[in-house]
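No lab work stands behind these numbers, since they all come straight from the coordinates. All figures in this text were calculated on a predicted structure; none of them were measured in a lab. Cβ coordinates were reconstructed from backbone atoms using ideal geometry, including for glycine residues, and neighbour counts include every protein chain displayed.
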């Protein structure tokens with residue numbers, strides 16, 4: 001997802017996928033509208049972290065439903081709100 005010039009993403013979380021790939025969750029802006037962006041980044045030969053086309057961009061009106069689905073998934077996996085498994 002390409003951003004408008006001058007709009008820096010607000011990175012919320014990085015999850016290591018492989019030695020050279022990371023999943024980045026960030027709030028970005030696209031055509032003046034905020035988006036929740038979940039995207040795979042790769043590390044190039046110069047060591048820079050760059051976005052790939054692999055990812056999703058969630059518009060504001062769908063973020064609450066997405067958050068609820070993630071919460072439901074965590075509950076089904078037996079995780080507490082802090083991400084630790086319940087005993």
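Hey, can you rank 50-59, 25-34 by average C-beta count inside 10 Å, highest first?
Numbers: 50-59: 12.4, 25-34: 14.2.
Packing order, densest peptide first, comes out as 25-34, 50-59.
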### Task
Using all C-alpha to C-alpha distances in region 1-72, build P(r) with 10 Å bins and read off the rounded percent in each one.
19, 49, 27, 5
### Summary
With the 8 Å Cα cutoff and a minimum separation of six or more residues, region 10-76 has a relative contact order in percent of 21
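Please compute the length gained on full extension between residue 54 and residue 79, using 0.36 nm multiplied by the number of residues separating them and subtracting their Cα-Cα distance. Don't skip to the end; give the middle numbers.
Working: separation 25, 0.36 × 25 = 9.00 nm, distance 2.67 nm.
Stretched fully, the residue 54-residue 79 segment lengthens by 6.3 nm.
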